[in-house]
Amino acid sequence: MVVIEPSFEIDEKGRVICQTHSKYPHFIKPAMTPSEDRQMEKQLTCISCSHYLNDDCYFPKSEIDKIELDRLNRSRFQCNLCGNKIDLMLTIMQKIYLEVRFNIDMPLICCDCYSSLAEKRYIKNNNNRIILSILFYLPIVIFMITLFRPTIVVIFISFLFGIVLKIIFKRIGSQSLFIFDLLQGRRFYKKYFRNKDKVNSP
Ligand SMILES: [Zn+2]
């Protein structure tokens with residue numbers, strides 16, 4: 001049986017596209033409307049590929065299913081630069097493929113960070129999100145203090161409540177507002193991208 005080797009490219013929006021995906025010609029169709037573009041993004045997954053259905057891809061069907069399950073249910077695959085959950089499956093497949101096939105450690109980068117790197121506004125975005133992450137607690141603390149009394153216990157419970165809300169945000173909305181993720185992303189940026197124009201492998 002002929003095994004189809006994946007081959008990846010990154011489009012101008014930072015989306016990873018597989019050149020051997022059976023819908024590849026559709027993915028690179030020019031001049032799409034915003035709704036066509038969103039529809040196309042939903043299909044940027046191995047599940048919509050005939051090689052997955054025929055089980056003749058380099059990645060066996062069972063392994064693709066496992067990766068997809070991990071992507072949906074765990075935060076194992078998160079952007080190295082901001083901590084957001086990676087929404088596009090092919091971004092993850094590219095990383096795994098380069099790792100297992102060529103022993104190349106490729107960073108996982110979400111589309112937002114990809115464009116912020118290209119437009120040299122990563123640090124500005126990161127600063128804004130750190131402020132947002134700190135501000136996130138303020139309304140919760142004020143609300144709790146108004147409801148109860150300004151004691152250490154109330155403030156502590158407010159922070160705990162904030163952490164639970166952040167976990168829910170990250171799981172459902174993919175957005176990470178954890179200051180730890182953001183600072184870690186900043187360190188990653190300084191180490192690998194500060195003096196580079198394009199996204200390169202570390
Ligand atoms: Zn990111």
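Computed from the coordinates by the stated procedures, all read-outs in this text should not be read as laboratory data. What you are looking at is a predicted structure, and each value in this text was computed from that prediction instead of being measured. Cβ atoms come from the backbone with ideal geometry, glycine included; neighbour counts cover every protein chain shown.
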What is the angle, in °, between the Cα long axis of helix 152-173 and the longest principal axis of the Cα atoms in the chain? Nearest 10 is fine, range 0 to 90. 20
Shape parameters for region 22-129, alpha-carbon atoms, Rg then Dmax in Å: 15.3, 46
Could you check the simple spin-label distance between Arg38 and Leu69, using points 7 Å along Cα→Cβ, in nm with one decimal? 3.1
How high is the relative contact order of the chain, given as a whole-number percent (alpha carbon pairs under 8 Å, six or more residues apart)? 22
By per-residue mean of other Cβ atoms within 10 Å, what is the highest-first order of 177-186, 83-92? 83-92, 177-186
The long-range amide H neighbours of Ile4, using H built 1.01 Å from N in the peptide plane and a cut-off of under 5 Å, are Cys57, Tyr58
List, in the order given, every pair from Lys23/Lys66; Lys23/Lys61; Lys42/Lys166; Lys124/Lys191; Lys61/Lys95; Lys13/Lys95 whose Cα-Cα distance in the structure shown is over 20 Å. Lys23/Lys66; Lys42/Lys166
Tabulate in residue order the Karplus-calculated ³J(HN,Hα) for region 80-90, using 6.51 cos²θ - 1.76 cosθ + 1.60 with θ = phi - 60°, rounded to whole Hz; enter x for Gly and Pro. 5, 9, 9, x, 5, 5, 7, 7, 8, 4, 5
On the formula 1/(1 + (r/R0)^6), with r taken between the Cβ atoms of Phe180 and Glu12 and R0 of 22 Å, the FRET efficiency rounded to 0.05 is 0.10
Residue by residue through region 176-184, which ³J(HN,Hα) values in whole Hz follow from phi under the Karplus form 6.51 cos²θ - 1.76 cosθ + 1.60 (θ = phi - 60°), with glycine and proline marked x? 9, 10, 6, 4, 5, 4, 5, 5, 5
In degrees rounded to 10, the 0-90 angle between helix 137-147 Cα long axis and the longest Cα principal axis of the chain is 40
Output ³J(HN,Hα) for region 93-108: one whole-Hz value per residue in order, computed from phi by the Karplus curve 6.51 cos²θ - 1.76 cosθ + 1.60 with θ = phi - 60°, and x for Gly and Pro. 4, 4, 4, 5, 4, 5, 5, 6, 8, 10, 6, 9, 8, 9, x, 8
Cα-based reach from Lys29 at 19 Å (exclusive), listing aspartates and glutamates while leaving out same-chain residues under 8 positions away: Glu9, Asp11, Glu12, Asp37, Glu41
